Amino acid sequence: MKKGFLIFLIPLTYLFAHECSYGLKLSFDMKRGVLEGAAKIETDHDSVTLLDTSANITSIKNARLVVRENRPLLVKDSKKDPIELTFLYGFRPGAKDILLLDEWYPAIDLMCRYETTVKEPGMKVVTEATAVEKVPGGTLYRYDHPLDSLHIIASSRYKTESFDSPDGVRISTYLYPEDAGLSERYLKRSSDYFSRYKKMFGFTPFDKFTVAEAPFPAGYSMPTFTLIGKQIIDKPFVFDSSLGHEIVHQWFGNYVYAPYRGNWVEGLTTFYSDYLYAKDEGKDVQYRKDLLIKYDSYVNSANEIALIEFTSKTKESKNAIGYGKSAFFFYMLEKRIGKEAFERAIAKLLKEFPYKTASYKDLRKIFEEASGQKLLDFFKTWVYRKGAFDFSISNIELSFIDDRYRLEFDIHSNGMMKRLPIKVCSEDECLWETIDLGKRHHELELDIEPKRIVVDENYEIFRYLYPDEVPPVISRILEGGVMVVVDRKDESRFSKMLKVFKNVVYSDEVKYDELKKRDLLVLGEKNSFLKQVAIPFRMEGDTKIELFKNPFSKSHVVAVFESRKLSRSIFFRLRHLGKYSTVVMENGKIVKKVTKPSQRGVQYDIPSGSYALKPELDPLKSIFPDLAGERVLFVGEQHTDFSNHLNQLKIIKAMVAAGKKVAIGMEMFQEPYQKYLDLFIEGKISEKEMLRKTEYFKRWKYNYHLYRPIILFAKKNGLPIVALNIEKEITKKVVREGIDALSKSEKSRVPASIDFSNSRYKEELRRIYSSHQAQTFKNFDEFYYAQLLWDETMAKNVVSFLKKHPDRSMVVLAGNGHVMFGFGIPDRIERRGIKSYKIVVNSMKPKPGIADYLLYPEPIETAPEKKIGVYLEGDQSLKVVKLVENSPAMKGGIRKDDIITAIDGAEVGTIPDLKLELFFTGKECIVTVLRNGKRLEIPITFESDEPPHHRG
C-alpha cells in the first residue's frame, strides 16, 4: 500500500525471491464484532516469519510456531503441505464500517499472491483484486501479483457506481449516501487521469480501479483502489491533485515497488502529479520554491535524514524530505540528463521491474544506461548525503580598468555542487556566468555596469533558502520549538491549545533575548505582547491566523492566532494550509488565504551607478505654503551645521506667520525635564536656569549657539518646546545590558510599543553604523536598539502632545537619520494615528524617497562655543592635565595640575557646569583655581577671532 496525502502508516515490505500463495476465507459476525478467518499459505520456504499481528491465532496446522532470535517463525512440518491457520480479529460490534488495514491477519515476511473469499453480511467490500467472482459462500477476490500485505474496507452504507473508461479501466466509486452525488465527478476525473498517464507511460497496470470513501481523514493508494477520507472527499484539492497523486501510485508503488528503506516512490509520484499539475498552470517555479520553504520550515539538524534513509511519512519533516526533496531530486535529474533520456529511463524502469522492488542503486543504473552519463556522484550527493546546497557570496568589489568593469567577490559553499550559474545584471540587461565552486575568489570582466548578482531565481537547485526568500508561513509553527505567548487573562480560553505545546510563557514574562532565537505563536488578538513589539494584527472573520516576520530575526516568524469559535478541527485544517501566511475563516469556511510576498532568488546588490537630478532649485520660501497645512513637519538636520538650524528657524517663523499655532519638538531635550522648558517659556525661570535644570550641556554635546535662536524665538512668541527624547540613563542601560535588564520602573518609562519590523530601516541604520557609529557602540545591535528607543520615544511624545493640544501643529527638529525615508519617527507617529506630515531634510545626498523636500543652504556660521583651552582629567574632575598652545588659559597663567573651582565667582565641579558658566561670560572672565592648596583668581580674555574648533 502506498501512503498518499494524510495520516496512517502501513510500511512496504521486502524483496521477494520465492513463490508464495496466500489464501484467506473471512466471515464477519457484525453483532459480536468478530472476524473469523482461515488462512492457507503455500510457499517453497521451509519456514516463514510471522509479522506483528493483533489477530488471535486459534489453530496452526502443518507447522510449528517457534521463536528464534526474537522472531516468531512458522516452521513447516513438510515441504509440500501448506501452512493452515485459523484466527479471530475483533472490531466494534454493530459497526457499519469495517477497516482492516494493519495487523488484522497473520501476515508473513513474503510477498504473496492472494485469493480472499469474503462472506459479506450485507456489506460491500473493497480490497486488492485483479479479478472478482461470486463463489459458493461469498465473493472471491483474486490478486495475481506479489503483494506485501492485504487491506480490506467494507461498509453496509456504500452506494456504488461504475464506468468503463476509454482506456480499458473499469472505474468504480464506493461512497457514503450523503456523498454519492460526487460519484460522477470522481469517475470522470479518474478517467481523465488514467488517460493522461496511459499516454505518458504506455499502459495501465490494472484494469480495475475503485475510489472508496473512508470514515477517517486518509489518503491511501493500494493496488486497484484508493481510500479517501470523508472529511476531505468533497474538497477541490482532492480532485485537482490528490486523486491524481494516488492514481500515479498505481504505477509507482503498486506496480514497481520501492524498498522499505530508501523509498523513492513518493518523490517520483509527487514529480509526476502535484509538480506536474503546478507546471500545467505555469506555477512550477513557485511549486519548487514551496518545496524549499517546507524543507526550511520542518527540517533541522536534529531531524534531517538522507533520501536513502526515508521510509514513509511519519511527521512533517519526513514529508519535506521523502516527498519534497525526493521530487526535487527527480526534477534535477531530468534537468541534468534531459527530458528524452529521463522518459526513456522511466519506460525502462516500468519494463524491467513489474511487481518487483527497485532500489536507488537500480534507478542509477537505469538512468545511466538511458542517458549515457555517469551519475554516481550525483546520486551520492543527493541520495546518500543529508541536507541541501548552501553558499554565500562576500567581499564584493567593483572597479573599472581600461574599458571594462571588473567585478570581484568570494564565494563559499558546502561542496554539494561543483559549478554554480549566476546572473549579473545591470539596469537594462543580465549576463549569465558559471562559477567554479572549487575556487574561492572570482573576477569577472564585464561590458555592463553591474547592479546586482542574482542566484537561482527560478529555484532549480535544492538548497537552503536565504531569509528574504522565505515568506512567513503557517508551516513554521506546526512542528518543533515554537514558543507560545499568552496573556494570563486568556489562559483558560486557550487551555486545550496550550496542552499541545511544551514551551508556553505569559506575555509579561517574555524576554527580548529569547525573541531572537525562536518562532513565536501569540494567542489572542488583544495579547499585550502584540502592542509591545508593534505587530499590526487586525481581526477578520471569526477565526484568523496571520504570520509576520520576527522583527528580531529574519530567520524566525511571529504567528498571531485568534478564534471566537475554537474547535479541534481548526488545528487539523491548519496542517493543510502550511504554505499560507494568512488564513481567515467564517463559520468553518475559509474566506481568505494569502501568502505574503518574498524575494525571488538570492540577490546581492553591487554599489554602482549614478543619479541624475535636474538643478531646478527654488528659494526656501516657495515651499512654505505646502508645509503649512501639515499637522507635523519634520525638519532634519546635520547637528553641527548652523545653516541647517537657520533653515529650521525660517520654517518655524513661516508657520507662525501663516497663523499656525506651532509647537517645537526637539530631540535635544529629554522628557524628564519638560517642566523646566515650560517654566522658561512662561518666563518663570531664566535661560541659564533652564539650561542648568534640563542638563543641556551634560545630555547634548553640541554648541548651544546652534539652537539658541530657535529657543529664543519660541520664548518670545510663547511657542511650546516639547522635550522629545528618552533619558540618557535608560538608553545606556539598554545598550549595555539589553531591554530585559530594565527594572519595572525603568520599563514604565520606555514606550509600550516598539516596532522592530522595518528591515529597510535596519539596513539603512547598518550603513550609518558602519560609516559613523562603529567607534561609539560596541556592535550594531547596541546602536540599533538605541536608535529605536530614541525614535519610539520621540514619536510617542509628539503624538501625546498633539492629542492633548488638538489645535496645535508641531515642527519636529531631529537628526536627518531619524526622519529620512519616513523610517524613524514619521512612520511611528503614523502607527499611532497621525498621518498628516511632511519631511524636510538638510544637506543630504538626493535619493529616491528620502524626503518631501531637500534643502541645500549656503554655509553660514554662528558664535563659537567658548573654550579656555585646557584638557581636563574627566567629566567629573576639573583638574588640568594639559594646556592648548597659545590658548586663553595659557596666556592667562593657568597651569597643569590646577583645579578649576569657579567662573566669575560661580562654583563649578563638572565639565557641564564649566560649559554653562562659560557660555554666559563676556569677552573676559575670572577663573578661580586651586593650586597647591591655595585659591587663585586668574583673569582670562577670549580672542574674538578664536577658531570655532578650539578645544577646551
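The values are calculated or read from the model by the stated rules, or taken from the named source; none is laboratory data. Bear in mind that the values here come from a model prediction, so they are computed numbers and not experimental data. So basically every Cβ, Gly included, is an ideal-geometry build from the backbone, and we count neighbours across all protein chains shown. The protein model used for the area step is the full one, side chains on, heavy atoms only, and it has no ligands, DNA or RNA in it. Shrake-Rupley method; radii C 1.70, N 1.55, O 1.52, S 1.80 Å.
Say R0 is 51 Å: what FRET efficiency, to the nearest 0.05, do LYS896 and PHE780 get from their beta-carbon distance?
With a Förster radius of 51 Å, E is 0.80.
So which cysteines of the chain have no other cysteine's Cβ under 4.7 Å from theirs?
Among the cysteines of the chain, those whose Cβ sits 4.7 Å or more from every other are CYS925.
Would you calculate the separation in nanometres between label points at GLU586 and ILE396, each defined as 7 Å from the Cα along the Cα-to-beta-carbon direction?
About 4.5 nm, to one decimal.
Taking 0.36 nm per intervening residue step and subtracting the Cα-Cα distance, what contour gain separates ASP875 from ALA612 on full extension?
Contour length minus the Cα-Cα distance gives 89.9 nm.
Let me check something: with ligands and nucleic acids excluded, how do GLU746, GLU491 order by accessible area (1.4 Å probe), largest to smallest?
If we order GLU746, GLU491 from most to least accessible, we get GLU491, GLU746.
Counting only C-alpha contacts under 8 Å and six or more residues apart, can you give the relative contact order of the chain as a whole percent?
For the chain, the relative contact order is 6 percent.
What list of ³J(HN,Hα) couplings, whole Hz, do you get for region 654-670 from phi and the Karplus terms 6.51, -1.76, 1.60, once you set θ to phi - 60° and write x for glycine and proline?
Along region 654-670, the couplings run 5, 5, 5, 5, 7, x, 7, 8, 9, 10, 10, x, 10, 4, 6, 10, 9 Hz.
Give the long-range amide H neighbours of VAL533: residues separated by 5 or more places, or on another chain, with amide H under 5 Å away, using H modelled in the peptide plane at 1.01 Å from N.
Here the answer is ILE754, since their amide H atoms fall under 5 Å of that of VAL533.
Measure off, as a whole percent, the carbon and sulfur share of the 1.4 Å-probe accessible area of region 232-365, all protein chains present.
Carbon and sulfur atoms account for 48 percent of the accessible area of region 232-365.
Hey, what did region 474-594 get for relative contact order, percent, Cα under 8 Å, at least 6 apart? Walk me through the intermediate numbers first.
Working: 209 pairs, mean separation 32.6, N = 121.
Averaging sequence separation for qualifying contacts and normalising by length gives 27 percent for region 474-594.
Return the distance in nm (one decimal) between the two label points of a simple spin-label model at GLU369 and SER759, each offset 7 Å from Cα along Cα→Cβ.
In this crude spin-label approximation the distance works out to 4.9 nm.
When all protein chains stay in place, what accessible area (Å², nearest 10, 1.4 Å probe) is found for SER78?
40
Percent antiparallel among DSSP beta bridges with both residues in the chain, to the nearest 5? If you can, show how the numbers build up before the last one.
Working: 129 of 182 bridges.
For the chain, the DSSP antiparallel bridge percentage is about 70.
I'd like the orientation of helix 728-737 relative to the chain: the angle between its Cα long axis and the longest Cα principal axis, in ° from 0 to 90, rounded to 10.
Computed tilt is about 40 degrees.
If I compute solvent accessible area with a 1.4 Å probe over the protein chains, what percent of it on region 465-576 is carbon and sulfur?
Solvent-exposed carbon and sulfur of region 465-576 make up 51 percent of the total.
In whole angstrom, how far apart do the alpha carbon centroids of region 13-75 and region 393-432 sit?
Centre-to-centre (Cα) distance: 65 Å.
Under a Cβ-Cβ cut-off of 9 Å, what is the net charge of the residues other than PHE537 that fall near it, where Lys and Arg count +1 and Asp and Glu count -1?
Net charge around PHE537: -1.
Work out, step by step, the length gained on full extension between SER748 and GLU281: first 0.36 nm times the residue separation, then minus their alpha carbon distance; give nm to one decimal. Could the numbers behind the result be given before it?
Working: separation 467, 0.36 × 467 = 168.12 nm, distance 5.45 nm.
Between SER748 and GLU281, full extension yields 162.7 nm more.
Label point 7 Å out from GLU433 along Cα-to-Cβ: which residues of region 451-495 have amide N under 13 Å?
Those under the cut-off are 451-455.
Please list, in order, the residues from region 379-417 whose amide nitrogen is less than 17 Å from a point placed 7 Å along the Cα→Cβ vector of GLN599.
From region 379-417, the list is 390-397, 410-412.
Separation of region 534-591 and region 599-625 by C-alpha centroid, Å?
Between the Cα centres of region 534-591 and region 599-625 lies a distance of 39 Å.
Using 0.36 nm times the number of residues separating LYS661 and ASN886, minus their current alpha carbon distance, what extension gain do you get?
That works out to 76.1 nm of additional length.
Which FRET efficiency value, to the nearest 0.05, do you get for GLU120 and ARG631 by plugging their Cβ-Cβ distance into 1/(1 + (r/R0)^6) with R0 = 56 Å?
So the FRET efficiency works out to roughly 0.10.
Can you tell me the orientation of helix 780-804 relative to the chain, as the angle in degrees between its alpha-carbon axis and the longest Cα principal axis, to the nearest 10?
That helix lies at roughly 70 degrees to the long axis.
Name the long-range amide H neighbours of ARG463: under 5 Å, sequence gap of 5 or more, or other chain; modelled H, no Pro or chain starts.
PHE389
Could you calculate the FRET efficiency of GLU42 with LYS418 from 1/(1 + (r/R0)^6), where r is the beta carbon distance between them and R0 is 51 Å, rounded to 0.05?
Approximately 0.45, to the nearest 0.05.
In region 523-569, what % of DSSP beta bridges are antiparallel (nearest 5)?
If I count the DSSP bridges inside region 523-569, around 90 percent turn out antiparallel.
What do you get for the angle between helix 360-371 and the principal long axis of the chain? Use alpha-carbon atoms, 0 to 90 degrees, nearest ten.
90
Kindly provide the helix-only [θ] at 222 nm of the chain, computed as the sum of -39,500 (n - 2.57) over DSSP H runs of four or more divided by all residues, to the nearest 500 deg cm²/dmol?
-7000 deg cm²/dmol
From the backbone phi of region 276-291, what are the Karplus-calculated ³J(HN,Hα) couplings (6.51 cos²θ - 1.76 cosθ + 1.60, θ = phi - 60°) in whole Hz, Gly and Pro given as x?
Each residue of region 276-291 in turn: 4, 5, 5, 5, 4, 9, x, 10, 5, 5, 5, 5, 5, 5, 4, 4 Hz.
Provide the per-residue ³J(HN,Hα) series for region 930-935, in order, calculated from phi with Karplus coefficients 6.51, -1.76, 1.60 and θ = phi - 60°, each as a whole number of Hz, with x at glycine and proline positions.
Coupling constants for region 930-935: 9, 10, 6, x, 10, 8 Hz.
Which residues among region 862-881 fall inside the zone where the amide N is under 19 Å from a point 7 Å beyond the Cα of GLU943, along Cα→Cβ?
862-871
Counting only heavy atoms of protein chains, what accessible area per residue, in Å², does the chain have with a probe of 1.4 Å?
Dividing the accessible area of the chain by its residue count gives 46 Å².
What whole number of Å gives the distance from the Cα centroid of region 297-349 to the Cα centroid of region 131-203?
Distance between centres, Cα-based: 29 Å.
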